[in-house]
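Inspection log for the structure reproduced underneath, given as structure tokens.
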Amino acid sequence: SLLQLVYPYDFRLTEKEKTSICYLSFPDSYSGGLGDTQFSFRLRQSGGQRTTHYEDDGEYNREAPLTLQRESAHYFGYVYFRQVKDSSMKRGYFQKSLVLVSRLPYVNLFQSLLQLIAPEYFDKLEPCLEAVCNEIDQWPPPVPGQTLNLPVMGVVIQVRIPSRVDKPGSSPVKQFNQENLLPAPLVLPSIHELDLFRCFQPVLIHIQMLWELMLLGEPIVVMAPSPTVSSEMVLALTSCLAPLRYCCDYRPYFTIHDSEFKEYTTRTQAPPNIVVGVTNPFFIKTLQHWPHILRVGELRMSGDLPKQVKVKKLAKLKTLDTKPGIYTSYKTFLHKDKTLIKRLLKGIQRKRPSEVQSALLRRHLLELTQSFIIPLEHYIASLMPLQRAITPWKNPPQIRPFRQEDFMKTLEHAGPQLTCVLKGDWLGLYRRFFKSPNFDGWYRQRHKEMTQKLEALHLEAICEANIVAWMKDKSEVEIVDLVLKLREKLVRARCQHLPVKEETLQRVALYIETIIGSLPEDLQTVLHHH
């Protein structure tokens, strides 16, 4: 496979990345199917940091949900692949892919975009891409909370960028102001959410188990008949912890040519915390030492509950003819939720549309995650120092350390049983969770937010203080020291975008000027130049 064309021309990829993209843009096991398919991949960036097109990732990442952040070390690839009979080709068919590479996980937006562009591109080639890229260059940057109208090829795609302040589980606002757009826009109900019901069809009765495996960051292989099925299943799995961020690595589609192939298939160390989607039967052999292998067939939407895969022992993983199933010896900590399956079955009987079923599923997973996370949120909030302990002229007190045993004690009165009907070994699940990258990621994020909140409260305390009274009995050295400290605080508040009112920052700046003004002139000069 050849990389024929890269647009825009100045987009720099390393040779390693180019090779990986080439291999990831085609199905790696022959599928007799002719026609068009779409799938996604995710690729580790190789080589140093490159500056991105939008310099201020910070602002976007602060306002976007944690699950939709712009990635700094990975690219997403969105592929539109065409295979048609062609007797002039040596193989007897023509294969071509159009790939969109981005750092944003907007799978619906980018796949919808490819559906518009790719057929035209295969027909008209380069001039078509140039025109499309010129249009995309004019698109506004994604701002969380805003609804964007994105014109391309005579169509306007309308989509809302989710924001961190959206209420989890609230459906995207339907009220798009049509502003009499003509032609009527192509409205995408979500920028990234997959049809979960369709993706999880063969494993609905095991949702509980899959949720636990994802929560614990367990290594999982998804073996699928095509890159489409593998990438949809992997993306569906990584999305089922929302609003908790899945902090492990994941590869929606992975080939034997991948530069990480050796790293993942080695038997000298435990498999990494990663969900990897594969289609090449060769992987059954090379990955059979992984603890959890999910084998699925083609996803077909039918009028009744599709055949549900069974949980089987790993030893049953036959190298050549592996039947669909979840091959694992994992025992779930929580009991199965029968009500969910009953509700989904009722939906199937009543021929409810797939998006309604998906909403049910998503809500179930959200409630499960929230029941698990709320006790952790309550406990971590209790580690914050009391507001009255924050005084202007002393460094703010430290956040108390997270003690797992103390947390476990809180569960008797305020555990998940308050919000969740599921019985089971919740304590065991928390203990395992503490060892996972997802706990680590959650804790770091919260700790960072709390530290920033403390800084902000401290600045506010300084603002409320009587600075003149404080200066009365202080030496010049102490006063100069204060000026330098306050300046440093101000710079940090601006750089880190601390949650502080602008007027507070302005008052602190004014304070600094006032203090400097009270000092001898030689010191004033030094401090003004400092």
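Which log10 I(q)/I(0) values, to two decimals, does region 192-314 give at q = 0.13, 0.19, 0.22 Å⁻¹ under the Debye formula with one point per Cα?
-0.49, -1.07, -1.44
Taking 10 °C and 1.306 mPa s as the conditions, I'd like the Stokes-Einstein D for region 258-385 in µm²/s, using the Kirkwood hydrodynamic radius from alpha carbon pairs. Display every interim value, and only then the final one.
On the way: Rh = 18.3 Å.
Once the numbers are plugged in, D ends up at 87 µm²/s.
Between residue 269 and residue 414, what is 0.36 nm times their sequence separation minus the Cα-Cα distance? Round to one decimal in nm.
Result for the pair: 48.3 nm of gain on full extension.
Ranked from highest to lowest mean number of other Cβ atoms within 10 Å per residue, what is the order of the peptides 364-376, 77-89? Before the final figure, lay out each step's value.
Working: 364-376: 19.6, 77-89: 16.6.
With the highest mean Cβ count within 10 Å placed first, the list reads 364-376, 77-89.
Find the accessible area per residue for the chain; the probe is 1.4 Å, ligands and nucleic acids are left out, and the unit is Å².
Values: 27640 Å² over 530 residues.
For the chain, the solvent-accessible area averages 52 Å² per residue.
Just the number, please: Stokes-Einstein D of region 466-529 in µm²/s, Kirkwood Rh from C-alpha pairs, 4 °C, 1.567 mPa s.
The calculation lands on 104 µm²/s.
What ranking do 197-207, 399-409 get when scored by the average of other Cβ atoms within 10 Å per residue, highest first? Could the numbers behind the result be given before it?
Working: 197-207: 21.7, 399-409: 12.5.
Result, highest mean Cβ count within 10 Å first: 197-207, 399-409.
Excluding residues fewer than 8 places away in the same chain, name every one of the lysines whose C-alpha is closer than 22 Å to that of residue 323.
Partners within reach: 285, 307, 310, 312, 313, 331.
Please give the peptides 136-144, 186-194 ranked by average Cβ packing (other Cβ atoms within 10 Å per residue), highest first, as a rough proxy for protection.
Details: 136-144: 13.7, 186-194: 18.1.
Highest to lowest by the protection proxy: 186-194, 136-144.
Any chance you could list the semi-axes, whole Å, largest first, of the equivalent ellipsoid that the Cα gyration tensor gives for the chain, using √(5λ)? Can you show the working numbers first?
Working: eigenvalues 440, 199, 103 Å².
Equivalent ellipsoid of the chain: 47, 32, 23 Å, largest first.
Once phi is turned into θ = phi - 60°, what whole-Hz ³J(HN,Hα) does the Karplus curve with 6.51, -1.76 and 1.60 give for every residue of region 487-504, x standing for Gly and Pro?
Rounded to whole hertz, the list is 4, 4, 4, 5, 4, 5, 4, 6, 5, 8, 6, 5, x, 10, 5, 4, 5, 4.
Measure off, as a whole percent, the carbon and sulfur share of the 1.4 Å-probe accessible area of the chain, all protein chains present. Working shown, then result.
Numbers: 15270 of 27640 Å².
Summing carbon and sulfur atoms, their accessible area is 55 percent of the total for the chain.
Ordered by residue, what ³J(HN,Hα) values in Hz, to whole numbers, does region 66-81 give under the Karplus form 6.51 cos²θ - 1.76 cosθ + 1.60, where θ = phi - 60° and Gly and Pro are x?
4, 7, 10, 5, 6, 6, 9, 10, 9, 10, 9, x, 10, 10, 10, 10
Take the Cβ-Cβ distance between residue 282 and residue 190 as r, set R0 to 45 Å, and report the resulting FRET efficiency rounded to the nearest 0.05. All intermediate terms of the calculation are to be shown ahead of the outcome.
On the way: r = 35 Å, r/R0 = 0.78.
Efficiency, rounded to the nearest 0.05: 0.80.
Per q in 0.14, 0.15 Å⁻¹, report the Debye log10 I(q)/I(0) for region 15-141, using one uniform scatterer on each alpha carbon and no solvent.
-0.73, -0.83
The values are calculated or read from the model by the stated rules, or taken from the named source; none is laboratory data. Keep in mind that this is a model prediction, so the values were computed, not measured. In this analysis, Cβ positions are derived from the backbone assuming ideal geometry, glycine residues included, and neighbour counts consider all displayed protein chains. All accessible areas refer to the heavy atoms of the entire protein, side chains included, with ligands and DNA or RNA removed. Shrake-Rupley method; radii C 1.70, N 1.55, O 1.52, S 1.80 Å.
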